[in-house]
Amino acid sequence: MTLTFEERLTRLADTDLNIERIRSIEKAFGSDNKKTLAIPGRALVGEGVLIKECRKKPKPRYFFLFNDILVYATIVINKKKYIAQHIIPLKDVQIKSINDSENPKLKNGWLIMSPKKTFNVYATTSKEKFEWMTHISNCIEKISNNERKGYDQIKNLDIAPKWIPDKEADTCMLCKAVKFTMVNRRHHCRYCGHVICGDCSKNKFLIQSQSDEPLRVCNKCFETLSSDQRIKIDNNFTSTDSSDESDAENEQFNHNSNDVKLNFIIQDLNFK
């Protein structure tokens, strides 16, 4: 009998090898391990190095794909020591393929989008890209069946902007006047991701999907967010609750998941 992807994940989570691997990952993070990774029902689907487009330049980062979360970190000693752990729940994730023509220096990439972080990653080969995207998609679909009201509902989440790399902006992208130097530093608006100068980003705004603390935003986004907030406050006194209507739109969803064997990283486990 052929097992479904979800059944394979369930069996994998119960194996001693899976538990040992997750514990070894926790050990490699040491004091940088922010949350317990070894929990019942969690399976390590794959792991490996991807190039992440960071603020200053693309850098290698080690990624761990679990059946419910995506974890990435800075490599100190490969397989032995990692720091700067980031955890992204897959229930909040969307992915989108990047055309190779968009960046001549980096190929085999895709965009990872979530309310807290949005960034590009690049694999070494097209085959590796396909495997990563396939397994991430299958894990998301498995979660969508259990925890989401409908796959389309995630499109309504406030997705964090992809930051414009520093090297792509020599001058402020808002005022167009200030040139960046050692004195005039670059800043990023947390709402639009643009590179702006200090004078154009003196305000902070609470973006609840990204942080519990107010974040730096550009003057233009501050005006937009403040205006939207005033409108919402006004509407609370004049409009009726229509949340039931939006929920109903997402109740019906039917998606066929491909039956992909768990041989992405863990090739020594073959369930029949």
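Taking into account only those residues within the stretch 3-22 that are among the charged types (D, E, K, R) and surrounded by 13 or more Cβ atoms within 10 Å (Cβ to Cβ), which is modelled with the highest pLDDT?
Within the stretch 3-22, the match that is modelled with the highest pLDDT is Arg21.
Determine the pairs where a residue that is closer than 16 Å to Leu111 by Cβ, located within the stretch 78-95, has a partner that is acidic (Asp, Glu) and surrounded by 15 or more Cβ atoms within 10 Å (Cβ to Cβ) with Cβ atoms under 7 Å apart, the partner being 6 or more residues away or on another chain.
That search, which allows pairs on different chains as well, returns Leu90/Asp68.
Identify, please: which residue in the stretch 57-81 is surrounded by fewer than 18 Cβ atoms within 10 Å (Cβ to Cβ) and among the polar types (S, T, N, Q) and is, among those, farthest from Gln94 (Cα to Cα)?
Out of the qualifying residues, it is Asn78.
Examine the stretch 167-185 for a residue that is of a type in the set (A, V, I, L, M, F, W, C), part of a loop (DSSP other than H, G, I, E, B) and modelled with pLDDT under 85, and state whether such a residue exists.
No, the stretch 167-185 contains no residue that is of a type in the set (A, V, I, L, M, F, W, C), part of a loop (DSSP other than H, G, I, E, B) and modelled with pLDDT under 85.
Condition check ((1) free of Cβ contacts under 8 Å to residues at least 60 places away in the same chain; (2) in contact with a Cys (Cβ under 7 Å, 6 or more places away or on another chain); (3) of a type outside the set (Val, Ile, Thr); (4) under 30 Å from Lys91 (Cβ atoms)) across all residues:
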| residue | (1), (2), (3), (4) |
| --- | --- |
| Ala169 | yes, no, yes, no |
| Met173 | yes, no, yes, no |
| Val178 | yes, yes, no, no |
| Arg185 | yes, no, yes, no |
| Arg190 | yes, no, yes, yes |
| Ser201 | yes, yes, yes, no |
| Ile207 | yes, no, no, yes |
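The values are calculated or read from the model by the stated rules, or taken from the named source; none is laboratory data. What you are looking at is a predicted structure, and each value in this text was computed from that prediction instead of being measured. Every residue, glycine among them, receives a Cβ derived from its backbone with ideal geometry; neighbour counts consider all protein chains shown.
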